[in-house]
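Novice: My questions will all concern the structure given below.
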């Protein structure tokens, strides 16, 4: 079964959103499997069957990795409809906090002349040397009040954020853990999250100051933001760009900034993320050849299976119009080859189908085999839900250590 022009977003982590929220389990169950689009379903599926995926490396006409990547990346950048001029990051350190074994810098930098992005940069203490670096990419989770703070230790952490980390990350701030293990780590707020969240003039004053928000405020803000995301995606499309293009370029420009730092070895940069963070990790690894090792957690599936029964797992903010005509998500992430790639998926993850995950894993493995780099890909499954638990994290850290520390 082939799929239409799709790419992916995510909802929730270890547990679904509350019933009645956009993307909640209750709303998902209201759509019978196999009939997601009702009477229009046959047309969409038939249209999808015309897709040739002609830019997959598994196509017979591709023998050269370089030629394939050049053509495929060129087409993707065209589909993203977002090509702002390059600019200097003009970074400013807003705050510097001694965290014991590492220092946390809160910085702001430009990814485009029109976007200034807040971020955390975690710098291990010890001997001055160029260290391996990881771009840590936070999730969607239906949880918009915070972005980078989801994976970075915070003083006086809000109870809602602590509970979110417990459900999604085993209670650990994995970016801070990587810093403790000797990596320079950078985490930005994704567009629409954290300090870049959408605020309206009529919003309660507390919504502008997350430490002042009650747990009910946090829930209400997350519901509002979930409902408003489609409207913003429409606005971006009407403005002539894609939300995915904005997101992916921010992540690439994060690497641009990292390589300017004297603490970073530009030959040893990796990326890692859960859910939409995993989705972002897949695209960053595929589009940026400076990524030498990547871990994609909780977001790898063949598009055909998403069209079959999991459209409710896809958000318009992640759509790359026309993508499936040329390639699928496993083809995109496979452009990381010969860079090292690990994909991790929970077998009880309700956002995907077992068949779709297996098809994606198998396709990546075939690409790596054709490229003669089969030892640089590993697909891993855990008997668990949509999360990045401690066991998964240890597996991911060992993979990054193997390819970035040796």
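The values are calculated or read from the model by the stated rules, or taken from the named source; none is laboratory data. This is a predicted model, so every value here is computed, not measured. Here the Cβ positions follow ideal geometry from the backbone for every residue, glycine too, while neighbour counts run over all protein chains shown.
Novice: Identify all residues within the stretch 369-383 that are in contact with a helix residue (DSSP H, G or I) (Cβ under 8 Å, 6 or more places away or on another chain) and within 27 Å of residue 178 (Cα to Cα); write none if there are none.
Specialist: Residues satisfying the conditions are 374, 376, 377, 378, 379, 380, 381, 382.
Novice: Related question: If you scan the stretch 161-176, which residues turn out to be closer than 21 Å to residue 404 by Cα and either in a loop (DSSP other than H, G, I, E, B) or out of contact with any strand residue (DSSP E or B) (no Cβ under 9 Å at 6 or more places or on another chain) (or both)?
Specialist: If the condition is that a residue be closer than 21 Å to residue 404 by Cα and either in a loop (DSSP other than H, G, I, E, B) or out of contact with any strand residue (DSSP E or B) (no Cβ under 9 Å at 6 or more places or on another chain) (or both), then 173 is the only one that fits.
Novice: Take the stretch 337-360 and flag every residue that is under 15 Å from residue 73 (Cβ atoms) and in contact with a strand residue (DSSP E or B) (Cβ under 6 Å, 6 or more places away or on another chain).
Specialist: Result: 339, single match.
Novice: Can you tell which of 187, 246 is farther than 19 Å from residue 295 by Cα, under 14 Å from the mean Cα position of the chain (by Cα) and crowded, with 20+ Cβ neighbours inside 10 Å?
Specialist: 246
Novice: Please find, among 151, 223, the residue that is surrounded by 22 or more Cβ atoms within 10 Å (Cβ to Cβ), under 30 Å from residue 242 (Cβ atoms) and at pLDDT 95 or above.
Specialist: So the residue among 151, 223 that is surrounded by 22 or more Cβ atoms within 10 Å (Cβ to Cβ), under 30 Å from residue 242 (Cβ atoms) and at pLDDT 95 or above is 151.
Novice: Pairs needed: first member in the stretch 203-225, touching a residue at least 40 places away in the same chain (Cβ under 8 Å); second member anywhere, in a helix (DSSP H, G or I) and exposed (fewer than 11 other Cβ atoms within 10 Å of the Cβ); C-beta distance under 8 Å; at least 6 residues apart or different chains.
Specialist: Correct list of pairs: 215/159.
Novice: Determine whether the stretch 232-241 contains at least one residue that is part of a helix (DSSP H, G or I) and in contact with a helix residue (DSSP H, G or I) (Cβ under 7 Å, 6 or more places away or on another chain).
Specialist: Checking the stretch 232-241: at least one residue is part of a helix (DSSP H, G or I) and in contact with a helix residue (DSSP H, G or I) (Cβ under 7 Å, 6 or more places away or on another chain).
Novice: Shifting gears a bit: Looking at (1) closer than 23 Å to residue 321 by Cβ; (2) in contact (Cβ under 8 Å) with a residue 60 or more places away in the chain, which is the only condition residue 78 fails?
Specialist: (2)
Novice: Filter the stretch 292-316 down to the residues that are free of Cβ contacts under 8 Å to residues at least 60 places away in the same chain and crowded, with 23+ Cβ neighbours inside 10 Å, then identify the one that is farthest from residue 40 (Cα to Cα).
Specialist: Step by step, filter the stretch 292-316, then rank; the result is 294.
Novice: Considering only residues that are over 8 Å from the mean Cα position of the chain (by Cα) and within 12 Å of residue 344 (Cα to Cα), which ones fall in the stretch 273-295?
Specialist: Result: 294, 295.
Novice: Moving on. Among the residues of the stretch 351-376, which ones are buried (at least 21 other Cβ atoms within 10 Å of the Cβ) and in a loop (DSSP other than H, G, I, E, B)?
Specialist: Selection gives 351, 352.
Novice: Right, another one. Please state which one of 197, 181 is in contact with a helix residue (DSSP H, G or I) (Cβ under 7 Å, 6 or more places away or on another chain) and farther than 27 Å from residue 262 by Cβ.
Specialist: 197
Novice: What number of residues within the stretch 377-394 satisfy the criterion of being buried (at least 18 other Cβ atoms within 10 Å of the Cβ) and in a helix (DSSP H, G or I)?
Specialist: Residues that pass the stated criteria total 2.
Novice: Identify the residue in the stretch 192-202 that is crowded, with 20+ Cβ neighbours inside 10 Å and either assigned to a helix (DSSP H, G or I) or in contact (Cβ under 8 Å) with a residue 60 or more places away in the chain (or both) and, among all such residues, is nearest to the chain's Cα centre (by Cα).
Specialist: Of everything passing the filter in the stretch 192-202, 192 is nearest to the chain's Cα centre (by Cα).
Novice: Okay, next question. Are any residues in the stretch 48-70 out of contact with any helix residue (DSSP H, G or I) (no Cβ under 7 Å at 6 or more places or on another chain) and crowded, with 16+ Cβ neighbours inside 10 Å, and if so, which ones?
Specialist: Passing the criteria: 65, 68, 69.
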